[in-house]
Amino acid sequence: MEIQETALKGCFIFKPKVFEDSRGYFYEGFNSATFERLTGMSGTFVQDNQSYSSYGVIRALHAQAGEYAQAKLVRVLQGEVLDVAVDVRPGSVTYGQHVAIRLSAENRLQLYIPRGFLHGFAVLSETAEFFYKCDNFYNKEAEQGYHLASPDLNIDWLIEEDKRIIAEKDLMLPFLSTIEV
């Protein structure tokens, strides 16, 4: 497995070693010992989630607050997405900055998003199945989020505005710039 740290400290891109032959392919999607050796962080995940979405869906920008904060290891099982992580750790030198990476079933890349980051993705293919491991359990009362079009973030979601499919509750979220750090 290859690993590359992004411009945001603690946020990593993983490229698995894939074994292909006439039968298909095999790869190890996660190994806690390898994860800990490569990142120096715990590889303990307690919850797996999966979603299915169609082209134009943008699921963004969410996190869980306080003791319910979650780190995530995300990948695409079918299709392609633009995956986005935004650093909102108070005092971080990269606060408000983001990374955006194309994850697909073809490239098999994974993104590790540490606690203290917002997360979202835009579906670029006709459909996509998105899978993520979380290191903490979901808690509805701890949900937080910021508007995906926060001008200070300047995220290019790669989806034309008239083709975007966005949950009503996400359109009501505040802009990141309105939050005191």
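The values are calculated or read from the model by the stated rules, or taken from the named source; none is laboratory data. Please read these numbers as outputs of a predicted model, since none were measured by experiment. Cβ coordinates were reconstructed from backbone atoms using ideal geometry, including for glycine residues, and neighbour counts include every protein chain displayed.
Consider segment 85-123 and keep the residues that are within 23 Å of Phe137 (Cβ to Cβ) and of a type in the set (A, V, I, L, M). The one that is farthest from the chain's Cα centre (by Cα) is Val88. Could you list, in sequence order, the residues of segment 125-146 that are modelled with pLDDT of 95 or more, closer than 16 Å to Ala60 by Cα and crowded, with 19+ Cβ neighbours inside 10 Å? Selection gives Ala128, Phe130, Tyr132. Restricting segment 37-53 to residues that are farther than 26 Å from Asn139 by Cα and surrounded by 11 or more Cβ atoms within 10 Å (Cβ to Cβ) leaves a set whose member that is nearest to the chain's Cα centre (by Cα) is Thr39.
Counting only residues that are at pLDDT below 95 and in a loop (DSSP other than H, G, I, E, B), segment 12-45 holds 13 of them.
Sort out for me the strands (runs of 3 or more DSSP E) sitting completely within segment 55-100 that have 1 or more residues that are crowded, with 22+ Cβ neighbours inside 10 Å and acidic (Asp, Glu).
Where strands (runs of 3 or more DSSP E) fall fully within segment 55-100 and carry at least 1 residues being crowded, with 22+ Cβ neighbours inside 10 Å and acidic (Asp, Glu), they are 80-87.
Of all residues in segment 88-117, those that are in contact with a Gly (Cβ under 7 Å, 6 or more places away or on another chain) and over 18 Å from Ser53 (Cβ atoms) total 3.
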